[in-house]
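Visitor: Sharing a structure below in structure tokens format, with a few things to ask.
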2 protein chains.
Amino acid sequence: MKYAIALLLATVAGPGFAQAVVEDFKPSSLNQPGQQFPQVNSQGYARFRITAPDAQNVKVSLGLGGRGGTTLAKAADGSWTGTTAGPLDQGFHYYHLTVDGGTFNDPGALNFYGSVRWESGIEIPAQDADFYALKDVPHGHIDQILFPSPSTGTSRRAFVYTPPGYDKNARTRYPVLYLQHGWGEDETAWSNQGHANLIMDNLIAAGGTRPFIIVMTYGMTNDIKPGSPGGLAAFDIKPFQTVLVNELIPYVDAHFRTLTDPRHRAMAGLSMGGFETKLITATNLDKFAYIGLLSGGTFSLDDVNRTPGFKDKVKLAFVSFGSRELDGGMRGPPGGPPSDPRANAAAIKQAGVNSVFYVSPDTGHEFQTWRRSLKQFAPLLFRD
Amino acid sequence: MKYAIALLLATVAGPGFAQAVVEDFKPSSLNQPGQQFPQVNSQGYARFRITAPDAQNVKVSLGLGGRGGTTLAKAADGSWTGTTAGPLDQGFHYYHLTVDGGTFNDPGALNFYGSVRWESGIEIPAQDADFYALKDVPHGHIDQILFPSPSTGTSRRAFVYTPPGYDKNARTRYPVLYLQHGWGEDETAWSNQGHANLIMDNLIAAGGTRPFIIVMTYGMTNDIKPGSPGGLAAFDIKPFQTVLVNELIPYVDAHFRTLTDPRHRAMAGLSMGGFETKLITATNLDKFAYIGLLSGGTFSLDDVNRTPGFKDKVKLAFVSFGSRELDGGMRGPPGGPPSDPRANAAAIKQAGVNSVFYVSPDTGHEFQTWRRSLKQFAPLLFRD
């Protein structure tokens, strides 16, 4: 459950010294239309304002790394306001309110699915935000599909990013990346929180990657039962592997113009999605030649040696983390033995694997790490 | 603003007599994963439960037609529970909580964009729910597109439903329906609240309609400014007309396999979207031959006579309402003269217009009316 907890915590960007708060707060880019709060300033502080005139106490879960969030203070007009005690990491953060002991979302902010519920979201403008900005470039589409899933007895939802030009080039076929969300998230995460489509649109416009399709579906197939929020304990990969490999891939290959050989199919995932990626690809190297684990484990020399065909078939073993995850000693997948991801990446490279290791500066177990990881990963794919 | 207000109110299904509440409550189908509340019973009562141990008062906006919602009562364990004083109309309802004077969403329910914010939603199972149920039939896709909009200086979002088979029949071209949401809603409404895609999938599977494309975009282009929630006062159709006619239609015709003559293009909308449909089609009969106003005004004989080309060019003038809207005297578009929609529909039919008038039984200014209206409207389209 280490990963699940890490997902809920924001970390502090700066060292411990006090700094004056600059009063240039602006509404967060993720606010609901017309909403003035929450706000962020140029230093990365967040300020919250909630109207609840009869409330006894109002708190925001977002604060300095696990140290209890931000307590709001009541003003004469019945509003509650508070500012984080320091700057937050750049990028996206989940949060929620506690109002008189109850958990609610901030009515000013948009909602994003994380920790098995729709949470409020806030965006701390990042220095490198340009790579996922909405720009005047050709845009791909995101198709919502409902694919038949006999193993789960329903039609399941997935999102399929098709790159700009897909509609025009009626005979061109494309490689496919299967891209998974983390624990408590769902198939909306990579588009809504991750801006995967905009990252691809911008990369493609700049000639930075080969155009390819991205497929995103729900990976907690085995996990959600009414009344029991999912966990990683006793994780069984089979139900999701069946959905992905036996049901989704054939549907995508039948309904989209894909290249269907393993050298044109990749799988990657963040956090729990990386854990799933490692498990599924290990027994399906005839289907996936490119693999990415984003804050979701590593490949040790042992992994490589005991996985038949790994050295021959895997064209890329990409592993990434946020720098704060490494600082914090988060090493390896949940439940697995602790190991040094950087040393692992070097060891398998030495052994002949095309191993790429990326560390996102000054970010933790959050979406800014994964946005940057996708930007690094995409250009390395399907280069045979 | 009459329409905006009507959007927020639920109405009572039954007459005034008291009935025993049947204790067969089940979680609403629109709850967040694993959430037990809100619940609905077989009679259409809704029951809410909120955890907020230190709160002073908790209320739900949903209740009997404008009579103040439902007040929850506190139990010893810190939870607040309450049941509506009577059955609610079948179908979808927006609602929110008031906790100690603040407006919040129900953490148990999914959110839907209405009244210029993301609101909680609840579904009262309808007798005719089968026509928008997720079934084991071929499913169309919903594409999220970002189309260039020079007039608004950005890339704008739209959703495009493509029918089952669209991917397979690479030479088939399809008619297109442009379908608009109501005041305070956005381009997500017809899919999320309306199930437009499932209605089409089911109709097509049963041979009940010709397959066609549906395009849904944001229609409050002129209306939303930070700090000032939109209204219908001083409504100017030009900004949205420019986006729809000059920017979106050319993009759709360039990126999807459409039939581009007016006899293969329709426009319809609900509430404010019907108002927009009437204004835009009136000056663009060279582009749209099929028109639908769903709880969004009527075509009077006067309208027909003073619109050049109406009688020759319009192949269908479809008007619908929920029965409770007619009972309540809601007649004609906001700001317009009151007129009897049924008499108007009969008068223009007499004058030679293919006029179809539909009334949804026992529903008001809510999505069940519009789901049923789409089901009635679709089979009448593109029948030349």
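Visitor: Please enumerate the residues belonging to segment A:147-179 that are touching a Leu at 6+ places or on another chain (Cβ under 7 Å) and open to solvent by less than 30 Å² (accessible area, probe 1.4 Å).
Guide: Across segment A:147-179, the qualifying residues are A:Phe147, A:Ser155, A:Ala158, A:Tyr174, A:Pro175, A:Leu177, A:Tyr178.
Visitor: Please count how many residues of segment A:120-140 are under 26 Å from B:His255 (Cβ atoms), of a type outside the set (Ser, Thr, Tyr) and surrounded by 23 or more Cβ atoms within 10 Å (Cβ to Cβ).
Guide: 2
Visitor: Which ones in segment B:65-111 are within 11 Å of chain A (Cβ to nearest Cβ) and among the aromatic types (Phe, Trp, Tyr)?
Guide: If the condition is that a residue be within 11 Å of chain A (Cβ to nearest Cβ) and among the aromatic types (Phe, Trp, Tyr), then B:Trp80, B:Phe104 are the ones that fit.
Visitor: For A:Gln35, work out the one condition from (1) open to solvent by less than 50 Å² (accessible area, probe 1.4 Å); (2) within 13 Å of chain B (Cβ to nearest Cβ) it doesn't fulfil.
Guide: (1) is the only condition that A:Gln35 fails.
Visitor: Given the residues B:Gly91, B:Gly82, which is the only one that is farther than 20 Å from A:His96 by Cα, at pLDDT 95 or above and touching a helix residue (DSSP H, G or I) at 6+ places or on another chain (Cβ under 7 Å)?
Guide: Details: B:Gly82 fails: touching a helix residue (DSSP H, G or I) at 6+ places or on another chain (Cβ under 7 Å).
Exactly one residue qualifies, and that residue is B:Gly91.
Visitor: Still on this structure, I have one more. Scan segment A:65-111 for residues that are β-branched (Val, Ile, Thr) and part of a strand (DSSP E or B) and jot them down.
Guide: Once the filter is applied, which keeps residues that are β-branched (Val, Ile, Thr) and part of a strand (DSSP E or B), segment A:65-111 yields A:Thr70, A:Thr71, A:Thr81, A:Thr83, A:Thr98, A:Val99, A:Thr103.
Visitor: In addition: Which ones in segment A:184-207 are open to solvent by 30 Å² or more (accessible area, probe 1.4 Å) and in contact (Cβ under 8 Å) with a residue 60 or more places away in the chain?
Guide: A:Asn192, A:His195, A:Ile204, A:Ala205
Visitor: Quick one: would you say A:Ile224 is hydrophobic (A, V, I, L, M, F, W, C) and modelled with pLDDT under 95?
Guide: yes
Visitor: Within segment A:39-64, which residues are more than 14 Å from chain B (Cβ to nearest Cβ) and either part of a strand (DSSP E or B) or surrounded by 14 or more Cβ atoms within 10 Å (Cβ to Cβ) (or both)?
Guide: Scanning segment A:39-64 gives A:Val40, A:Asn41, A:Gln43, A:Gly44, A:Tyr45, A:Ala46, A:Arg47, A:Leu62, A:Gly63, A:Leu64.
Condition check ((1) touching a strand residue (DSSP E or B) at 6+ places or on another chain (Cβ under 7 Å); (2) within 21 Å of B:Ala268 (Cβ to Cβ)) across all residues:
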| residue | (1), (2) |
| --- | --- |
| B:Phe131 | no, yes |
| B:Leu134 | yes, no |
| B:Val137 | no, no |
| B:Gly140 | yes, yes |
| B:Thr152 | no, no |
| B:Phe159 | yes, yes |
| B:Thr172 | no, no |
| B:Val176 | yes, yes |
| B:Leu179 | yes, yes |
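Visitor: A follow-up question, please. Identify all residues within segment B:65-103 that are open to solvent by less than 50 Å² (accessible area, probe 1.4 Å), more than 25 Å from the chain's Cα centre (by Cα) and not polar (S, T, N, Q); write none if there are none.
Guide: Scanning segment B:65-103 gives B:Leu72, B:Ala75, B:Gly78, B:Trp80, B:Gly82, B:Val99, B:Asp100, B:Gly101, B:Gly102.
Visitor: For segment B:1-32, give me each residue that is modelled with pLDDT of 50 or more, open to solvent by 50 Å² or more (accessible area, probe 1.4 Å) and among the aliphatic types (A, V, I, L, M).
Guide: Within segment B:1-32, B:Ala18, B:Ala20, B:Val21, B:Val22 qualify.
Visitor: Would you tally the residues in segment B:172-207 being in contact with a Ser or Thr (Cβ under 8 Å, 6 or more places away or on another chain) and farther than 25 Å from B:Ser115 by Cβ?
Guide: 6
Visitor: A follow-up question, please. Does B:Ala289 satisfy the condition of being assigned by TED's automatic domain parsing to the domain that holds B:Gln376, in contact (Cβ under 8 Å) with a residue 12 or more places away in the chain, among the small types (Gly, Ala, Ser) and touching a Phe, Trp or Tyr at 6+ places or on another chain (Cβ under 7 Å)?
Guide: No: the conditions fail for B:Ala289.
Visitor: How many residues does segment A:168-200 contain that are more than 15 Å from A:Phe256 (Cβ to Cβ), in contact with a Lys or Arg (Cβ under 6 Å, 6 or more places away or on another chain) and β-branched (Val, Ile, Thr)?
Guide: 1
Visitor: Sticking with this one: Which is over 24 Å from A:Asn192 (Cβ atoms) and modelled with pLDDT under 95, of A:Gly352, A:Gly329?
Guide: A:Gly329
The values are calculated or read from the model by the stated rules, or taken from the named source; none is laboratory data. Computed from a predicted model, the values in this text were never measured in an experiment. All Cβ positions, glycine included, derive from the backbone under ideal geometry; neighbour counts span all protein chains shown. Keep in mind that these areas ignore ligands, DNA and RNA; they rest on the heavy atoms of the full protein, side chains included. Shrake-Rupley method; radii C 1.70, N 1.55, O 1.52, S 1.80 Å.
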